[in-house]
Amino acid sequence: MEIVREQDVVPFRNRVREFSTRIGMSLVNQTKLITAASELVRNMLKYASGGKVILEIISHNAKTGVRLTFKDEGPGIADIALAMRDGFSTGRSLGLGLPGAKRLVNEFDLKSNPGEGTTVTVIHWKHGR
Amino acid sequence: MERIPILKMGPFLLVTIQIDLYDRLALTLENDLINMVSQTGARGVLIDISAVSIVDSFMGRILGNIASMSRIMDAETVVVGMQPAVAITLVELGLTLQGVHTALNVEKGMELLNTKLIGNLEQDEEEEEDQNDRND
Ligand SMILES: Nc1ncnc2c1ncn2[C@@H]1O[C@H](COP(=O)(O)OP(=O)(O)O)[C@@H](O)[C@H]1O
Ligand SMILES: [Mg+2]
């Protein structure tokens with residue numbers, strides 16, 4: 001799913017809700033996943049002027065979950081450890097997006113190279129673990 | 001342009017957010033509310049978010065801004081009806097709604113604002129008395 005403008009955020013969140021509902025994820029877990037997704041998609045818009053998200057339902061060791069891959073071709077993140085810190089922001093906002101998203105989902109992976117863009121992959125299992 | 005209606009109820013302003021806000025609408029609401037507090041001299045702002053299913057750090061920041069701007073103009077902000085799933089998620093996200101009071105529903109929120117209003121009036125009176133004592 002392409003994310004290029006602010007108006008894409010709400011429809012995208014609705015897609016994530018559809019996927020989580022389809023596997024029978026509880027409301028609290030859905031809310032955690034969608035909130036994390038909302039943070040990551042906002043970052044993509046704000047710092048990389050948009051990108052793409054792949055939504056998938058995955059199964060692993062008898063567990064079912066939703067995997068979201070956020071891929072942009074923006075400036076990338078030079079110091080990932082710093083960007084992951086609570087309260088760190090280059091955008092004069094709260095700096096909770098990356099660390100908060102990591103806390104909200106079961107699996108979180110961030111890959112970024114300056115000049116090449118950023119890819120964040122998150123997985124949230126049906127039962128939240 | 002689409003807008004969220006703001007209702008005036010006595011000394012308070014009431015906003016019911018019926019949908020998941022997109023950013024521009026949320027920013028417009030922030031502006032409208034702050035303008036209206038300053039124009040009407042309202043003493044409280046009540047925001048009903050019972051229909052809101054997602055509050056991320058952007059939305060949280062807007063609620064915080066409304067509260068801190070209103071406070072400067074002597075109005076308290078109460079957010080009512082936050083869904084339990086949203087409340088749980090906010091804690092993990094690490095977001096504390098600074099300066100924002102919360103209440104279960106609109107009725108309880110009104111009660112809270114009324115108590116604060118009375119409290120503030122008494123405080124104002126005391127300050128006035130102090131002032132008078134000093135003038136004597
Ligand atoms: N997709 C991205 N591309 C480039 N930089 C990013 C991206 N996502 C996050 N960042 C950087 O990481 C910082 C922290 O992000 P975040 O935790 O979401 O906080 P905030 O968005 O409030 O700044 C941002 O300020 C920005 O510098
Ligand atoms: Mg962010």
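If the convex hull of the alpha-carbon atoms of the stretch A:29-101 is projected onto planes in all directions, what is the mean projected area in square nanometres?
If I average the Cα hull's projected area over directions, I get 5.6 nm².
From the helices alone, meaning DSSP H stretches of at least four residues, give me the mean residue ellipticity at 222 nm for chain A, per-run term -39500 (n - 2.57), in deg cm²/dmol to the nearest 500.
Calculated from helices alone, the mean residue ellipticity at 222 nm is -11500 deg cm²/dmol.
Using the C-alpha gyration tensor of the protein assembly as shown, what are the square roots of 5 times its eigenvalues, in whole angstrom, with the largest one first?
In descending order, the three semi-axes are 40, 20, 17 Å.
B:Arg71 accessible area, nearest 10 Å², 1.4 Å probe?
Around 110 Å² of this residue is reachable by solvent.
Taking each residue in A:83-94, count the Cβ atoms of any other chain within 10 Å of its Cβ, then average. What number comes out?
Taking all residues of A:83-94 together, the mean is 1.
Can you tell me the orientation of helix B:57-72 relative to chain B, as the angle in degrees between its alpha-carbon axis and the longest Cα principal axis, to the nearest 10?
Tilt relative to chain B: about 10 degrees.
Ignoring ligands, DNA and RNA, what percent of the accessible area of chain B is carbon or sulfur (1.4 Å)?
50 percent
At a cut-off of 30 Å², which residues of the stretch A:10-35 become less accessible once all protein chains are present than in their chain alone, using a 1.4 Å probe?
SASA drop of 30 Å² or more in the stretch A:10-35: A:Val10, A:Arg13, A:Arg17, A:Val28, A:Thr31, A:Lys32, A:Thr35.
Given labels modelled 7 Å from the Cα in the Cβ direction, how far is it in nm from A:Glu73 to B:Asn114?
Going by the 7 Å Cα→Cβ label model, 6.1 nm.
Please report the relative contact order for the stretch A:2-125, taking Cα pairs under 8 Å with a sequence separation of at least 6, and give it as a percent rounded to a whole number.
27 percent.
On a 0 to 90 degree scale, rounded to 10, what angle separates helix B:23-40 from the longest Cα axis of chain B?
With rounding to tens, the tilt is 20 degrees.
Got the relative contact order for chain B handy, in percent, Cα pairs under 8 Å and 6 or more residues apart?
21 percent
When only C-alpha pairs under 8 Å and at least 6 residues apart count, what is the relative contact order of the stretch A:51-105, in percent?
Contact order relative to length: 22 percent.
Go from 0 up to the bin containing the longest alpha carbon distance in the stretch B:1-125, width 10 Å each, and give me the % of pairs per bin.
13, 48, 32, 6, 0
How much of the DSSP beta bridge set in the stretch B:6-135 is antiparallel, as a percent to the nearest 5?
20 percent
Return the average number of partner chain Cβ atoms within 10 angstrom of each residue Cβ along peptide B:87-95.
Partner Cβ neighbours, averaged per residue: 6.
How far is it, in nm, from the label point at A:Ile58 to the one at A:Val10 when both lie 7 Å from their Cα along the line to the Cβ?
In this crude spin-label approximation the distance works out to 3.1 nm.
State, in square angstrom and to the nearest 100, the accessible area buried between chains B and A, both chains counted, probe radius 1.4 Å.
2000 Å²
Helix-derived [θ] at 222 nm for chain B: sum -39500 (n - 2.57) over DSSP H runs of at least 4, divide by residue count, nearest 500?
About -18500 deg cm²/dmol.
Could I get the Rg over Rh figure for chain A? Both from C-alpha atoms, Rh via Kirkwood, rounded to two places.
Radius of gyration over Kirkwood radius for chain A works out to 0.96.
Please list, or write none, the lysines whose alpha carbon is within less than 28 Å of the alpha carbon of A:Lys102, excluding same-chain residues fewer than 8 places away.
A:Lys32, A:Lys46, A:Lys52, A:Lys63, A:Lys71, A:Lys111, A:Lys126
Lysines near B:Lys8 by alpha-carbon distance under 19 Å, same-chain residues fewer than 8 away left out - which ones?
Answer for B:Lys8, where 19 Å is the Cα cut-off: B:Lys108, B:Lys116, listed by chain and number.
In degrees between 0 and 90, to the nearest 10, how far off the longest principal axis of chain B does helix B:84-93 point, with axes built from Cα atoms?
90 degrees
Write down the percent of antiparallel bridges among all DSSP beta bridges whose residues are both part of the protein assembly as shown, to the nearest 5.
About 70 percent, rounded to the nearest 5.
The values are calculated or read from the model by the stated rules, or taken from the named source; none is laboratory data. As the structure is a prediction and not an experimental result, all values here were calculated from the model. Quick reminder, even Gly has a Cβ in these numbers, built from the backbone with ideal geometry, and neighbours come from all protein chains shown. Ligands, DNA and RNA are excluded from the accessible area calculation, which covers all protein heavy atoms including side chains. Shrake-Rupley method; radii C 1.70, N 1.55, O 1.52, S 1.80 Å.
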